[in-house]
Amino acid sequence: MATLLPFLLFLSIFSDSATAHLQSKEESFISVVVSEKGLDFGKDLLIEKGRKTLIRHRLPDIEKSVKIPVVGTVSMTATNITLLSINVSSSTVQPGESGILIVASGATANLSMNWRYSYRTWLIPIEISDEGSAFVRVEGLEVGLTVGMENQNGTLELNVIECGCYVKDMVITLDGGASWFYQGFVNAFEDRIRSAVESAITKNIIEGTMKLDSLLQTLPKKIDVDDVGVLNVTFVNDPVFGNSSVEFDINGLVIASDEVSMRSYLHENAWISTSCGWILKMLWISLDETVFNSASVVYFQAGLMHWIVDKVPDQSLLNTGSWKFLIPQLYKKYPNDDMILNISVTSPPLIRITPENIGAIISSDMTVHVLDACESIPVACISVVVSVSGVVEISGNNLGGRVELDDFTLKLKWSKVGNFHMHLIQGVMRAFLNIVFVPYVNMHLKQGFPLPIIHGFTLQNADILTFSSRMVICSDVAYTSLSGVV
């Protein structure tokens, strides 16, 4: 049972409820809805895993002394009581005010056991005994589990609100034994076997739930994006249970890997409930644009937005000879010398998500260096502001993407080779941005941003929608095995 509930929880780690969203005490920037389809998937997985854990389960032996007319007091035992199979014909899952209710009904179970009896009579002063095997058919088995979840200091705490099992009917078939023994055995053991089955299933469910709760306490509150940034995955506020969905929110901001606590981020936009609409998927992962902007800040402050360009597809562009008509003084002062471009982003790139697209504005300084007699000489600096837009893509459990150039502006900041007009180099700069800059950005975007999905679950057939300031990933989930935590 402990193998299933992670789905109900971790697919819910980021939920944005399809019903009314309660006012948050703390802000969250990533959320997920586990939809009705997702809850059904989790419920079926839970029941199947629970069913497998119960197969070959041994129930306690039963002993009882029974008075049989004519025969007298008979000692009876039922041993090696084993659950052979359990089959569930129907099941439901329903979120409530304080938890999730899972009910399996109309189930059947088969058991095997060994029986033995012994007795003495005043007529025969020796013990009379017999033994054999028996088969038990359980019908009308119903199991109910209500699980509550709450946030405790950024960690999800799981508790069993109610758990029960009920056996409606039971048929016992004895292999061998006297005719008088059959009815006596059934009268003596039917209720005991019924109670043992109900207790074993209930105990198994509660133990599995508690194991899962222990697992939840060990979950990390940060997930490595790479060696520079980590994703803050602490839970924010208590779960919200809708009529047909479950919601959990997490902080979701990227911070530096050596940073202990979160900095404060301004979040001007109110949390707007978004969903996948007509797209019937198991879960909806909603990411606020603040998540991406927090990553932008981290990588900018780490000094990683710096780039030396010394090779381009048309290498002649990095020689002053190609610029003798556009910037005559450059060629005159440094004839046929090679050049390099030192590009430094001057502020964290600003990401904006709209219903139409996902875009970014990147401000940078491009300093032109001339390589003269093995010396690198800065000769000019141009402010370049680039506007790009693109699409995001799902690859496994990673969120990647690609961009295209929308527009750019140029401004000369300083020059040692005279003043030159930016419109003269617009065409060359556009080609450079399309051929060199954009592919470089896409190379990094292709590596992807890890979504905090538990190992053993993989996003499948994902669709991506964009709204004002956020994107929503609508996806089904495939289960392979629960081999890890995150």
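Here are a few things to note about the model shown:
- On inspection, Ile100 does not qualify as modelled with pLDDT under 90 and either more than 20 Å from Val186 (Cβ to Cβ) or surrounded by 17 or more Cβ atoms within 10 Å (Cβ to Cβ) (or both).
- Selected residue [among the hydrophobic types (A, V, I, L, M, F, W, C) and not assigned by TED's automatic domain parsing to the domain that holds Phe325] from Leu433, Leu459, Leu410: Leu459
- Per-region count, segment 353-375, residues closer than 27 Å to Gly418 by Cα and exposed (fewer than 14 other Cβ atoms within 10 Å of the Cβ): 3
- Tally of residues being surrounded by 14 or more Cβ atoms within 10 Å (Cβ to Cβ) and within 23 Å of Gly390 (Cβ to Cβ) across segment 305-340: 4
- Given (1) touching a strand residue (DSSP E or B) at 6+ places or on another chain (Cβ under 8 Å); (2) of a type outside the set (Gly, Ala, Ser); (3) modelled with pLDDT of 95 or more, index of the condition Pro348 fails: (1)
- Per the listing Arg470, Arg402, the residue uniquely charged (D, E, K, R) and closer than 20 Å to Ile250 by Cα is Arg470.
- Residue that is modelled with the lowest pLDDT, among those in segment 416-445 that are of a type in the set (S, T, N, Q) and surrounded by fewer than 16 Cβ atoms within 10 Å (Cβ to Cβ): Asn419
Residue-by-condition table, conditions (1) modelled with pLDDT of 95 or more; (2) under 38 Å from the mean Cα position of the chain (by Cα); (3) part of a strand (DSSP E or B); (4) farther than 25 Å from Ser90 by Cα:
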position: Val147; (1), (2), (3), (4): no, yes, yes, no
position: Glu157; (1), (2), (3), (4): no, yes, yes, yes
position: Ile161; (1), (2), (3), (4): no, yes, yes, no
position: Val171; (1), (2), (3), (4): no, no, yes, no
position: Phe181; (1), (2), (3), (4): no, no, no, yes
position: Gly184; (1), (2), (3), (4): no, no, no, yes
position: Asn187; (1), (2), (3), (4): no, no, no, yes
position: Ile193; (1), (2), (3), (4): no, no, no, no
position: Ala196; (1), (2), (3), (4): no, yes, no, no
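- If only residues of segment 446-465 that are modelled with pLDDT under 90 and among the hydrophobic types (A, V, I, L, M, F, W, C) are counted, the one that is nearest to the chain's Cα centre (by Cα) is Ile453.
- Residues in segment 134-163 that are exposed (fewer than 14 other Cβ atoms within 10 Å of the Cβ) and more than 17 Å from Asp238 (Cα to Cα): Arg137, Glu139, Gly140, Glu162.
- Arg137 passes every criterion in (1) among the charged types (D, E, K, R); (2) over 16 Å from Ala196 (Cβ atoms); (3) out of contact with any helix residue (DSSP H, G or I) (no Cβ under 9 Å at 6 or more places or on another chain) apart from (2).
- Boolean, Thr346 is in contact with a Cys (Cβ under 7 Å, 6 or more places away or on another chain) and free of Cβ contacts under 8 Å to residues at least 40 places away in the same chain: no
- Flag if Ser347 is hydroxyl-bearing (Ser, Thr, Tyr), assigned to a loop (DSSP other than H, G, I, E, B) and surrounded by fewer than 18 Cβ atoms within 10 Å (Cβ to Cβ): yes
- Within segment 82-141, the set of residues being in contact with a Ser or Thr (Cβ under 6 Å, 6 or more places away or on another chain) and over 24 Å from Cys163 (Cα atoms) comprises Ser112, Asn114, Arg116, Ser118, Glu127, Ser129, Phe135.
- Residue that is touching a Gly at 6+ places or on another chain (Cβ under 7 Å) and either in a strand (DSSP E or B) or of a type in the set (S, T, N, Q) (or both), where the choices are Thr202, Thr209: Thr202
- Selection count, segment 161-185, where residues are without any contact (Cβ under 8 Å) to a residue 60 or more places away in the chain, under 17 Å from Asn80 (Cα atoms) and hydrophobic (A, V, I, L, M, F, W, C): 2
The values are calculated or read from the model by the stated rules, or taken from the named source; none is laboratory data. No experiment lies behind these values; they were computed from the predicted model shown. FYI the Cβ positions are ideal-geometry reconstructions off the backbone, even for glycines, and counts take in every protein chain you see.
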